[in-house]
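Right, one structure below, let's go through it.
The values are calculated or read from the model by the stated rules, or taken from the named source; none is laboratory data. Computed from a predicted structure; not experimentally measured. Note: ideal-geometry Cβ built from the backbone for every residue, glycine included; neighbour counts use all protein chains shown. Each accessible area value is taken on the protein alone, full model and side chains, heavy atoms only, with ligands, DNA and RNA left out. Shrake-Rupley method; radii C 1.70, N 1.55, O 1.52, S 1.80 Å.
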Amino acid sequence: MSFIRNIAFIFVIAFIFAGLTSGVNMALSNRIHLNEQTRVSKQLLEVLAIPYPAESSPENIRQIESRRVKSAKLDKEEIFAGFNENGKLERYAFPVSGKGLWGSIQGFVALDSNLSRIDGVIFTSHVETPGLGARIDEKWFRDQFKGLDLTKKASPEKYVRVESGAKGAVNRVDSITGATITSVSVEKMINTDIQSILSQRETIRGIDWQSLPKK
Amino acid sequence: MAVSSKKIALDGIWYNNPIFRQVLGICSTLAVTNLVTNTAVMCLGLIYTNAVSCFTVSALRTITPFRLRIISSTLIIAAYVIVLHNFLMAYLPEISAQLGPYVGLIITNCIVLGRVEAFSIQNKPIPALIDGVSSAVGYSMVLLLIAVIREGLGFGSVAGISLPFEFTKWTIMVMAPGAFFMLAIVVWIARWWGMRTEEAQKTSK
């Protein structure tokens, strides 16, 4: 008898509290989703070196984005173009993704308007180890990619090398001590995705941005 | 056995302070105390979780089967923490991102389960609520003290506002070891102070 009572008790408790959490979740999910979109938009603006005020509301960010960024579809991936105040195309950005140590890593890489130089790297989502792999978010690590020359190669099959040794070598970026797997993953995903973008160089140059609707 | 509300509150805040008397909940003490703002949000989160969890567990104590008390307490705590986590993501997204996994880890914060198991399960809802709030406040005081010192020495600011003078920043203070040092020093001073007053009381008797 007490066995049935116990089961019934847990059922009722679980039902009430699961109802509470899913109710709150449903009520707030739109807002959470908007915050998430704004966060990614801010990162896209940052990698395209488009300034935005530090205390911008989601609407402000949205406005700046629609004025300065356009997106186009390539074969598989999406590509973004960042325009300056006068409407001149300044940079391209494209999403990169790969497998990290604990889960997938996603981010953006920005290239200059000639598609020959890296202008910035940013990571939008990852679940790497805090204090180790998660340091890919830190500015010193990301800034190392800025200005790498894509007309040169770090090795026959790589544009960029992320490693601890070979200081001063071509297109080499310092890896993160204690986060070898994360560093290797970042190297792999950036190289693969740059390769794919550069192979579509002509298509990208041929995009008629003026005809595309605003983002 | 009716204990006065005042005694329950003082116990939680000082005489039986979760951090330097029971040494509970030090995981988050070590993790979030390098910035005062994050610490304050974490403390408010814990005060809320502890208060509502203690109250709910106590309200359900007469119908909770004895063998199922831990599982139902954990379920209740987890539900309240998920609610908190959703609110932070919706209204304070930046702080939520910085706190990362730590909000979720309030579920396993030793203070919450400790108070629920040690007090709420045997006491009426109102004393349980007072106990929950006061031990969380006791925890928050220590956390904020450590955070002010760590952020002050490590970043040269308090809650993001720069201190009015220049000095060499103690980088170690914002890293994990800084928390160990500060926690040890705070516990040491508090225990020394506590011991002194206890001895004074003994000799006066």
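Worth a mention:
- 19 Å reach of a label modelled at B:ILE126, 7 Å along Cα-to-Cβ, counting backbone N of segment B:58-72: B:58-62
- Remark on segment A:1-119: ratio of C-alpha radius of gyration to 2.2 N^0.38 Å is 1.65.
- Comparing mean-square fluctuations of A:ASN86, A:ASN35, A:ASN60 from a GNM of chain A with C-alpha springs under 10 Å, the top value falls on A:ASN86.
- Within straight-line cross-link reach of B:LYS7, lysines at Cα separation under 30 Å, skipping those fewer than 8 residues along the same chain: B:LYS124, B:LYS202, B:LYS205
- Per residue accessible area in Å² of the protein assembly as shown, where ligands, DNA and RNA are left out and the probe is 1.4 Å: 53 Å²
- Positive-end ranking of B:GLY104, A:SER185, A:ALA110 along the dipole of the protein assembly as shown, with charges on Cβ about the Cα centre, is headed by B:GLY104.
- Counting every pair of alpha carbons in segment B:1-115, the share spaced more than 24 Å apart comes to 31 percent.
- Accessible surface, 1.4 Å probe, highest first, among residues A:SER185, A:SER2: A:SER2, A:SER185
- Kirkwood-type radius of segment B:1-58, with distances r between different C-alpha atoms, in Å: 12.9 Å
- Solvent-accessible surface ranking, highest first, for A:LEU111, B:LEU10 at 1.4 angstrom: B:LEU10, A:LEU111
- Cα gyration tensor category, rounded, prolate or oblate, for segment B:125-205 with a/c compared to 1.5: oblate
- Between segment B:168-205 and segment B:88-131, the C-alpha centres lie 25 angstrom from each other.
- Computed over every Cα-Cα pair of the protein assembly as shown and binned at 10 Å starting from 0, the pair-distance distribution P(r) comes out as 4, 17, 22, 22, 17, 11, 6, 1, 0, 0 percent.
- For the pair B:ILE161 and B:ILE70, label points projected 7 Å from Cα toward Cβ lie 4.6 nm apart.
- Comparing A:SER22, A:SER56, A:SER66 in a Gaussian network model of chain A, where Cα atoms under 10 Å apart are tied by springs, the biggest mean-square fluctuation is seen for A:SER22.
- Links that overshoot a 31 Å alpha carbon limit, given the list A:LYS153/B:LYS169; A:LYS73/A:LYS99; A:LYS73/A:LYS167; A:LYS158/B:LYS169; A:LYS42/A:LYS167; A:LYS42/A:LYS188: A:LYS153/B:LYS169; A:LYS73/A:LYS167; A:LYS158/B:LYS169; A:LYS42/A:LYS167
- Adding -39500 (n - 2.57) for every DSSP H run of four residues or longer, then dividing by how many residues chain B holds, sets the calculated 222 nm ellipticity at -22500 deg cm²/dmol.
- Area accessible to solvent at A:ASP143, 1.4 Å probe radius, in Å²: 60 Å²
- Residues along segment A:1-42 losing 40 Å² or more of accessible surface when the other protein chains are present rather than the chain by itself (probe 1.4 Å): A:ARG5, A:ASN6, A:PHE9, A:ILE10, A:ILE13, A:PHE17, A:THR21, A:VAL24, A:LEU28, A:ARG31, A:ILE32, A:ASN35
- Sparsely packed loop sites in segment A:1-92 (the trypsin sites (Lys or Arg not before Pro) outside DSSP H, G, I, E and B with at most 14 other Cβ atoms within 10 Å) comprise A:LYS76, A:LYS88.
- Per-pair calculated FRET efficiency, R0 = 51 Å: A:SER113 and B:LEU30 via Cβ, rounded to 0.05: 0.60
- Chains B and A together, accessible area buried on both sides, 1.4 angstrom probe, square angstrom: 1700 Å²
- Relative to the Cα centre, the charge distribution of segment B:5-204, modelled as +1 at Lys and Arg Cβ and -1 at Asp and Glu Cβ, gives a dipole magnitude of about 580 debye.
- Counting protein heavy atoms only, segment B:5-204 has 72 percent of its accessible area on carbon and sulfur, 1.4 angstrom probe.
- Between A:ASP75, A:ASP193, A:ASP119, the GNM of chain A built on Cα springs shorter than 10 angstrom shows A:ASP75 fluctuating the most.
- Loop-located GluC sites (Glu not before Pro) across segment A:125-198 with a Cβ neighbour count of 12 or fewer within 10 Å are A:GLU138, A:GLU157, with loop assigned by DSSP.
- Only protein heavy atoms count here; under a 1.4 Å probe, A:THR182 has an accessible surface of about 0 Å².
- Solvent-accessible surface of protein heavy atoms, probed at 1.4 angstrom with all chains present, puts A:HIS126, A:HIS33 in the order A:HIS33, A:HIS126, largest first.
- Overall dimensions of segment B:28-186, expressed as equivalent-ellipsoid semi-axes from the Cα gyration tensor (√(5λ), whole Å, largest first), are 33, 16, 12.
- Over the residues of chain A, the helix contribution to mean residue ellipticity at 222 nm works out to -14000 deg cm²/dmol, using -39500 (n - 2.57) for each DSSP H run of at least 4.
- Loop-located chymotrypsin sites (Phe, Trp or Tyr not before Pro) in segment A:74-145, at most 14 other Cβ atoms within 10 Å (DSSP): A:TRP102
- Efficiency of FRET from Cβ geometry, B:LEU92 and B:VAL23, R₀ 30 Å, rounded to 0.05: 0.50
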